[in-house]
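Contents: one structure, followed by commentary.
The values are calculated or read from the model by the stated rules, or taken from the named source; none is laboratory data. Everything numeric here is computed off the predicted structure, so don't read it as measured data. No Cβ is skipped: glycine too gets one built from the backbone with ideal geometry, and neighbour counts run over all protein chains shown. Heads up: the accessible areas ignore ligands, DNA and RNA and are worked out on the full protein's heavy atoms, side chains in. Shrake-Rupley method; radii C 1.70, N 1.55, O 1.52, S 1.80 Å.
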Amino acid sequence: MVGSRRLTSLGASVVERVSRFLGNDRRPLLVALSGGADSAVLAWAIQKDAREARAIHVHHGWPDSDRMEAAAVAVADHLDIEMERVRVDAVGPGSPEGEARRARYQAVRRIVREGELIATGHTLTEQAETVLGNLIWGSGLDGLRGIHRRRNNLVRPLIEVSRAETRELACLLGIPFGDDPANYDVAFRRVRIRRALAEWERQLAPGMAVRLADVARLVEGDLGLLEQFSAGQRIEQADGAVRIPAPILRTLPPALGARVVRRGLRALGGGHPGTRRDVDTVLRAARDGTPGWVGGGHLVTRAGSYVQIGSSPPIADGPLGWSILRPVRWGEWTWEASQFNGRPDSFPFTAWRQVFDGRVFAGEQPVIRRPVPDDRIAMRIGHKRVLDAMAEAGMTAADRSEWPLLEVGGRVVWIPGVRRAYAGWVTADTMSYVLLSATREATWRPVGY
């Protein structure tokens, strides 16, 4: 009878907190079902709140992964919830836990459907442990925020429910959850922190976990304001890399510069904002070009006016090495040339396609390169600085330093999208023509929150 009353009251309390967290957002949920008590109770509470849900279990390939997969299957069967199983390779340059987290979230994001929310079973206790661990390691405000309650389509509805409550409720409900042996392995820092917090709760400060979780909630509001101020700063992302204009990082107040860097690191690291050391490494590269490494094995370098984190297609200045009709790659750009004899009916002049007198290229090797301060391009009368021509076209300083130009015989003959040199126009006696085109792929894309 007592157990029945406890089940009724605790179950109602957990469902009420999950329902309050999700509010009026009735989007279907994809529950990350580990096989443990936390995610099992989350799936149960979501069902009790009459919300549409399915589950995913990620097998990490660790020694006890088969055991946890079997537990997840048992939980899904008990709750009668659809579950998809995915296996990942959690091996990489980072820590085992970090690589497992990265692989897990990548797998979940691959199968999440449009309009679905991803729900994980992180609890108030886990939030407190995260804040405490980050405080010990001096990770600043980002660390004190702990686990994000929400980020884009990722939600943590149990963030106000303790681990003791989820475990008790799972037992009262008779859910066949499993215990991951990794949660008891003191080789993991998080396990040592968990034990220390539990001991301090008993011996030093009862209610400490709740207060640490409250700190995370308070800090979240302050960080939200910083993020609003830094959101307008430009960050771009390509496959496997992000880049940030170095002048921005050199001129912003330190708190905002660090916020911009962490935004870039999150985009690269699956949501992880990096450590203080990672941030310092990026800021140092912005100041003086010193290369370094950040978490996840990503190289930090200066690339022109950008600080680049991670790798992307290299850009090498030098001769095109083209044969007519064979495209040439230069970073994000594809250059193509075709040659023909006889005067065509019309010339396809655009900012990105130009026709030249073939004699311009006679015996000369075309070169694609970045501009330098002394570059000039021929006008009808006199010359104009290349960087000035780019600025007049509305290009930012960051773009000007990385934009390609075409040089032939020591002369700048074309700046794609901006201007071509006056020398090289076709004339009445032109018999051989070269059509050039330059296409920039939209590899780099803006990074948002």
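Of note:
- Solvent-accessible area, 1.4 Å probe, carbon plus sulfur percent, for segment 15-79: 48 percent
- Within the chain, the whole DSSP H helices whose Cα atoms reach 24 Å or more along their own axis and whose mean Kyte-Doolittle score is at least -1.0 are 2-22, 208-230.
- Heavy-atom accessible area, probed at 1.4 angstrom with all protein chains present, ranks Phe361, Phe340 as Phe340, Phe361, highest first.
- Were the residues from Arg151 through Arg284 laid out at 0.36 nm apart, the gain over their Cα-Cα distance would be 45.0 nm.
- In plain terms, the chain from His383 to Glu52 could stretch by 112.4 nm, reckoned as 0.36 nm per residue minus the Cα-Cα distance.
- DSSP beta bridges fully contained in the chain are about 75 percent antiparallel.
- Contour minus Cα-Cα distance for Glu97 and Ile111 (0.36 nm per residue): 2.9 nm
- Modelled FRET efficiency - R0 60 Å, Phe229 with Ser432, Cβ distances, 0.05 increments: 0.55
- Heavy atoms of Met83: accessible area, 1.4 Å probe, square angstrom to 10: 50 Å²
- Whole-Å distance, taken between Cα centres, linking segment 3-58 and segment 142-177: 9 Å
- Note on Glu84: accessible area is roughly 80 Å² with a 1.4 Å probe, heavy atoms of protein only.
- Of [x] 61, 27, 21; [y] 35, 28, 19; [z] 57, 24, 18, the label for semi-axes √(5λ) of the Cα gyration tensor in Å derived from the coordinates: [z]
- Probe 1.4 Å, accessible area per residue of segment 1-125, Å²: 49 Å²
- Cα pair count fraction exceeding 16 Å, expressed as % - segment 210-303: 55 percent
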